[in-house]
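A short write-up of the structure that comes next.
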Amino acid sequence: GDVYKRQVSTQSTGSSTDIMARRLYTLLLLLPLALAVDRSKFKTCEQNPFCKRNRELTPVPEFLHALDPSTLDFSSSRISATLVAKDAGTAALILDMTFYEGVLRFRVTEKQTKQVRFEIPGDIMRTSLVDAKYKVLARTDDGLRVGFGDSVVSLSYQPFGLTLLQSDKPLVTANARTLLSFETKPENAGEHSQSFGGHTDSTPHGPSSVGLDFTFNGAQHVYGIPEHATSMALQPTRGDGITLDPYRLFNLDVFEYELVPEMALYGSIPFMQAHQVGHTVGLYWANAAETYVDVQAAADGTQTHWFSESGIIDVYLMTGPSPSAVAHQYSRITGPTELPPLFSLGYHQCRWNYKDEDDVAAVDNGFEEHNLPYDVIWLDIEHTDSKKYFTWHNELFPTPDKMQDKIAARKRKMVTIIDPHIKRETGYFVHDEATRQDLYVKNKDGNTYEGHCWPGSVSYLDFLNPKVRDFWASKFAFDQYKGSTGNLFTWNDMNEPSVFNGPETTMPKDCKHHDGKQEFEHRDVHNLYGILQQKATAQGQVERTGGTERPFVLSRAYFAGTQNYGAIWTCLLYTSPSPRDS
């Protein structure tokens, strides 16, 4: 009995450290379950009708679309033709090719439009493509060969196919597997609503997806299509024993995301690059709607299948031949990287949240005391008056301009967060002006859309409209953003856009935008929302100083061309083992 008592005593009181260690170990085991992303909030391909339809398409030996050679039309730097479908009930399409130095652009659109299709606005990117003349090398009953620069484009008529070649070596082929798809508005368009997570998408135009397959001939790997938490060389999503969803491009607020390769994250750049010995080529799929990309290894290279929920097929093929040449050609298409202000290349001190001006001063002095270099200090949302952007908390930050001056005296800068959701509060000057000028995104019924985010009830500015972007830019003027100085810069967060009570934590797809001329659904423009806010913010920073200072704008959401306006970051990564690794 004495032995037993001594054993119990030793176990119960002799090692409190061991007990604490065991509890901590248990907590760490449970932590991934508590912190890992809830994937049930986000759609899979199977839950997304247009993805499921396109993924079920299979290669067919007989053509679905053929190029009608009698419709070929030649101009100095362009060639166009009609694509006819084997099925008489399928609408004819128009192929339009434009030749540039190092780049081939081709577009596929409806010959007779049943609905206005959204296209990426030209003013988003600072394009500097140079027209190139082409030369018809061969023309037969089966196809057409055209040379431009060091490259050749080969068109086949039945079935329609397009191949980019260099030194007679095929590098990328479009429609090699005859998966070209272009859904047109059906007669019963309004009968195609879909539901997910308690939300219903009215889908007023019915199925309107577009898709096309590309084979990167001879390339064993492909790279690109950020943002995904995966390896640099993209893993196959189809093939023997592979059960992955296709890579999804749909900007979403995915808090504490996991290393799951195909899941959508905060940004989308529909650019892909393939490399092999002696040749590198690039592909940019210019579509802002939700997009999926399948990747599959094949004997003749790597097969990919791209499909978007709406819009048109608008593709840029970059001829390379080197990785640096492709990067240069991509910058010609989407614009060069903006030269950042020098301070932004230094160390940034940021956390949630510095509580007041004294706290900021203490941090600043602490770096000075310990001789630690830093260049920028950041303020999160709590610095505002009740989460109203372009304001300051009167008690916690009563003299923001003097606070910035003190920081600047040590050659340092400050960044504040300014999100796109606007608190619906009468008397808040941004909301009052936006309401009076009718600048908000509308719901499907044409009324101002109301969602929920950090401030509570909010609405979202329609950055697709140039008038709205000008309005937003004007708010960065020193007499509008009171308390700001030339040493204050901006962080655009939550701009996927994030909507706490929305489907997949974002805006309903049947909300309405207006570009100043034409109305479009949110589904058409979703992936542009973040870059358009960042563009307007950068515009405001330039205008506030009369163009004498470079802007600094960090954005969470992004698209092709974001490099024109500022920086991005990877947001909140939570690393836990993938379910497939267990």
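The values are calculated or read from the model by the stated rules, or taken from the named source; none is laboratory data. Small disclaimer: the values here were computed from a predicted structure and weren't measured. As a convention, Cβ positions derive from the backbone with ideal geometry for all residues, glycine included, and neighbour counts pool all protein chains shown. Just the protein is used for accessible areas: all its heavy atoms, side chains included, with ligands, DNA and RNA removed. Shrake-Rupley method; radii C 1.70, N 1.55, O 1.52, S 1.80 Å.
Residues in segment 341-369 that are modelled with pLDDT of 95 or more and within 26 Å of residue 535 (Cβ to Cβ): 341, 342, 343, 344, 345, 346, 348.
Could you tell me whether residue 406 is open to solvent by 30 Å² or more (accessible area, probe 1.4 Å), over 29 Å from residue 558 (Cβ atoms) and among the basic types (Lys, Arg)? Yes: the conditions hold for residue 406. Determine whether residue 395 is over 18 Å from residue 481 (Cα atoms) and among the acidic types (Asp, Glu). Criteria not met by residue 395. For residue 316, state whether it is open to solvent by 10 Å² or more (accessible area, probe 1.4 Å), closer than 23 Å to residue 107 by Cβ and without any contact (Cβ under 8 Å) to a residue 60 or more places away in the chain. Against the criterion (open to solvent by 10 Å² or more (accessible area, probe 1.4 Å), closer than 23 Å to residue 107 by Cβ and without any contact (Cβ under 8 Å) to a residue 60 or more places away in the chain), residue 316 does not qualify. Restricting the first member to segment 274-302 and to residues that are within 16 Å of residue 209 (Cβ to Cβ), and the second to residues that are among the aromatic types (Phe, Trp, Tyr) and open to solvent by 10 Å² or more (accessible area, probe 1.4 Å), the beta-carbon pairs closer than 9 Å and six or more apart or on different chains are 285/271; 285/316; 286/316; 287/118; 288/118; 289/118. Per the conditions (1) of a type outside the set (Ser, Thr, Tyr); (2) in a helix (DSSP H, G or I); (3) closer than 30 Å to residue 219 by Cα, the sole criterion not satisfied by residue 320 is (2). On the stretch given as segment 510-534, residues that are among the basic types (Lys, Arg) and buried (at least 24 other Cβ atoms within 10 Å of the Cβ) total 1.
Filtering 72, 35, 31, 57 for residues that are open to solvent by less than 80 Å² (accessible area, probe 1.4 Å) and either more than 30 Å from the chain's Cα centre (by Cα) or modelled with pLDDT of 95 or more (or both) leaves a single hit, 72.
Taking segment 140-164, which residues are touching a residue at least 12 places away in the same chain (Cβ under 8 Å), assigned to a strand (DSSP E or B) and either farther than 19 Å from residue 81 by Cβ or open to solvent by 60 Å² or more (accessible area, probe 1.4 Å) (or both)? Listed by number, the list holds a single entry, 151. Counting only strands (runs of 3 or more DSSP E) that sit wholly inside segment 186-281, those with at least 2 residues that are touching a Phe, Trp or Tyr at 6+ places or on another chain (Cβ under 6 Å) and open to solvent by 10 Å² or more (accessible area, probe 1.4 Å) are 271-276.
Please specify each residue of segment 110-139 satisfying the condition of being open to solvent by 30 Å² or more (accessible area, probe 1.4 Å) and either closer than 14 Å to residue 180 by Cβ or in a strand (DSSP E or B) (or both). Of everything in segment 110-139, those that are open to solvent by 30 Å² or more (accessible area, probe 1.4 Å) and either closer than 14 Å to residue 180 by Cβ or in a strand (DSSP E or B) (or both) turn out to be 131, 135, 136, 137, 138, 139.
Residues that are part of a loop (DSSP other than H, G, I, E, B) and hydrophobic (A, V, I, L, M, F, W, C) within segment 327-372 comprise 339, 350, 352, 372, listed in sequence order. What pairs can you find where one residue is in segment 63-79 and in contact (Cβ under 8 Å) with a residue 40 or more places away in the chain and of a type in the set (Val, Ile, Thr), the other is open to solvent by less than 60 Å² (accessible area, probe 1.4 Å) and assigned to a strand (DSSP E or B), and their Cβ atoms are less than 6 Å apart, with a gap of 6+ or different chains? These pairs meet every condition: 79/97.
Scanning segment 439-460 for residues that are closer than 16 Å to residue 515 by Cα, among the hydrophobic types (A, V, I, L, M, F, W, C) and without any contact (Cβ under 8 Å) to a residue 60 or more places away in the chain gives a single hit, 439. If the condition is being assigned to a helix (DSSP H, G or I), open to solvent by less than 20 Å² (accessible area, probe 1.4 Å) and touching a helix residue (DSSP H, G or I) at 6+ places or on another chain (Cβ under 8 Å), then segment 539-570 contributes 540, 562, 564. Scanning segment 286-313 for residues that are at pLDDT 95 or above, open to solvent by 10 Å² or more (accessible area, probe 1.4 Å) and of a type in the set (D, E, K, R) turns up just one, 309. When segment 357-373 is limited to residues that are surrounded by 10 or more Cβ atoms within 10 Å (Cβ to Cβ) and touching a residue at least 12 places away in the same chain (Cβ under 8 Å), the one that is farthest from residue 415 (Cα to Cα) turns out to be 368.
Enumerate the strands (runs of 3 or more DSSP E) found wholly within segment 411-493, keeping only those where 2 or more residues are out of contact with any Ser or Thr (no Cβ under 6 Å at 6 or more places or on another chain), of a type in the set (A, V, I, L, M) and open to solvent by less than 10 Å² (accessible area, probe 1.4 Å). Per the criteria, 413-417. Count of segment 494-508 residues, restricted to those that are open to solvent by 10 Å² or more (accessible area, probe 1.4 Å) and in contact with a Ser or Thr (Cβ under 8 Å, 6 or more places away or on another chain), is 1. Only one of the listed residues (582, 484, 578, 555) is at pLDDT below 95, farther than 26 Å from residue 197 by Cα and not basic (Lys, Arg). That residue is 582.
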